[in-house]
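Engineer: Supplied in structure tokens, the structure appears directly below.
The values are calculated or read from the model by the stated rules, or taken from the named source; none is laboratory data. On a predicted model such as this, the values are computed, not experimentally measured, just so you know. Backbone-built Cβ (ideal geometry, glycine too); neighbour counts: all protein chains shown.
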Amino acid sequence: GGGGGGGGGTVSTLAGTAGTSGAANGTGTGATFNHPNGVAVDSSGNVYVADQYNHLIRKITSSGIVSTLAGTAGSVGAANGIGTNATFNYTTGVAVDSAGNVYVADYNNHLIRKIS
């Protein structure tokens with residue numbers, strides 16, 4: 001198999017601003033991240049990001065709208081809860097199952113977390 005040849009893909013920015021860290025939600029380059037460290041895509045084309053230094057899980061729609069799915073920027077912990085009531089300690093990976101559940105590698109808490 002596979003591979004070879006020439007073609008190359010076009011690289012573009014889905015979300016974030018080069019060289020600018022932060023935790024702003026917004027559309028496209030209006031959003032900021034702080035050491036994104038893992039992405040996964042669901043069956044609807046939404047992208048989930050482990051935003052490591054912000055201790056967040058972020059969601060990016062196919063049109064580039066960024067929101068916070070879980071966690072509070074800068075708030076470290078291991079609390080379970082809904083949305084911003086949950087806390088993480090260095091999110092480093094994310095996966096999505098066929099039912100749309102999001103799984104998070106919560107690095108410094110030594111946990112695998114599930115967001116339903």
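Engineer: Please tell me if A40 is in contact (Cβ under 8 Å) with a residue 40 or more places away in the chain, under 17 Å from S21 (Cβ atoms) and either among the aliphatic types (A, V, I, L, M) or touching a His at 6+ places or on another chain (Cβ under 7 Å) (or both). Quick ask: steps written out before the conclusion?
Structural biologist: Numbers: in contact (Cβ under 8 Å) with a residue 40 or more places away in the chain: yes; under 17 Å from S21 (Cβ atoms): no; either among the aliphatic types (A, V, I, L, M) or touching a His at 6+ places or on another chain (Cβ under 7 Å) (or both): yes.
Considered against the rule, which asks whether it is in contact (Cβ under 8 Å) with a residue 40 or more places away in the chain, under 17 Å from S21 (Cβ atoms) and either among the aliphatic types (A, V, I, L, M) or touching a His at 6+ places or on another chain (Cβ under 7 Å) (or both), A40 comes out as no.
Engineer: Can you tell which of V47, V11 is of a type in the set (A, V, I, L, M) and over 10 Å from the mean Cα position of the chain (by Cα)?
Structural biologist: Values: V47 fails: over 10 Å from the mean Cα position of the chain (by Cα).
On inspection, the qualifying residue turns out to be V11.
Engineer: Evaluate the following for S44: is it farther than 21 Å from A105 by Cβ and modelled with pLDDT under 95?
Structural biologist: no
Engineer: Filter the range 42-87 for residues that are under 19 Å from S12 (Cα atoms) and among the small types (G, A, S); which is surrounded by the most Cβ atoms within 10 Å (Cβ to Cβ)?
Structural biologist: Residue satisfying both the conditions and the ranking: G64.
Engineer: Kindly indicate which of A15, A23 is over 25 Å from I112 (Cα atoms) and in contact with a Phe, Trp or Tyr (Cβ under 8 Å, 6 or more places away or on another chain).
Structural biologist: Result of the check over A15, A23: A15.
Engineer: If you go through the range 3-21 one residue at a time, do you hit one that is hydrophobic (A, V, I, L, M, F, W, C) and in contact (Cβ under 8 Å) with a residue 40 or more places away in the chain? It would help to see each step written out before you state the result.
Structural biologist: Of the range 3-21, the ones hydrophobic (A, V, I, L, M, F, W, C) are 11, 14-15, 18.
Filter once more, so that each one left must be in contact (Cβ under 8 Å) with a residue 40 or more places away in the chain: 14-15.
Yes, there is a match, as at least one residue in the range 3-21 is hydrophobic (A, V, I, L, M, F, W, C) and in contact (Cβ under 8 Å) with a residue 40 or more places away in the chain.
Engineer: Which of (1) crowded, with 18+ Cβ neighbours inside 10 Å; (2) touching a residue at least 40 places away in the same chain (Cβ under 8 Å); (3) in a loop (DSSP other than H, G, I, E, B) is the odd one out, the single condition S98 does not satisfy?
Structural biologist: In the conditions (1) crowded, with 18+ Cβ neighbours inside 10 Å; (2) touching a residue at least 40 places away in the same chain (Cβ under 8 Å); (3) in a loop (DSSP other than H, G, I, E, B), S98 misses (1) alone.
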